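So the structure is just underneath, and the comments pick up after that.
Computed from the coordinates by the stated procedures, all read-outs in this text should not be read as laboratory data. On a predicted model such as this, the values are computed, not experimentally measured, just so you know. Counting neighbours? That spans all protein chains shown, and the Cβs are built from the backbone with ideal geometry, glycine included.
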Amino acid sequence: MKKLILALLVIVLVSCSKEENKPASAKELITGKTWTHQGFINDLNMNQLPDDTLTGRLNLSLKFGTDNHLMYTLNGESQDVTWAFILNETAIEITGLQFDSTIVHGQPVSDLMIKTLNQDSLVFYGTTEQYPEMITFNVFK
């Protein structure tokens, strides 16, 4: 009987430890904090990586809610809009903004492609009207 109880306890402990090691989902990562804009990176070397100089920091923060509401705050003005993952969680669609978004500089808000999403960084990318041939990255921490 003691061996059976011990075996059950080991099974419970092993299954609990597997749960703890499970990587966070994209939704858990994006809703886990308030993201603050750190700057733009123009892909001057055209390698499609955010490895050039960081410039142009905005007073912009994003708080993605688990209920698909987004608190979008630019220069102290907040809007509660909606967001959703699209394209197999490789992009985010934001709807309901009443002023132009600068998440992807110069583009309307839609299909914000995700380059990086982890506990520390959120990086969107796209092209701009001014430089359609060059990718611009927007870095949030």
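With the highest mean first, a sort of the peptides 112-118, 75-81, 54-60 on other beta-carbon atoms found within 10 angstrom per residue produces 112-118, 54-60, 75-81. Full extension of the chain between Lys63 and Asn47 yields a length gain of 2.8 nm, computed as 0.36 nm times the residue separation minus the alpha carbon distance.
Amide hydrogen proximity for Asn68: with H placed 1.01 Å from N in the peptide plane, no residue at 5 or more positions away or on another chain lies under 5 Å. Model label points for Met71 and Lys27, set 7 angstrom from Cα along the Cα-to-Cβ axis, are 2.0 nm apart.
In plain terms, the chain from Glu93 to Glu133 could stretch by 12.2 nm, reckoned as 0.36 nm per residue minus the Cα-Cα distance.
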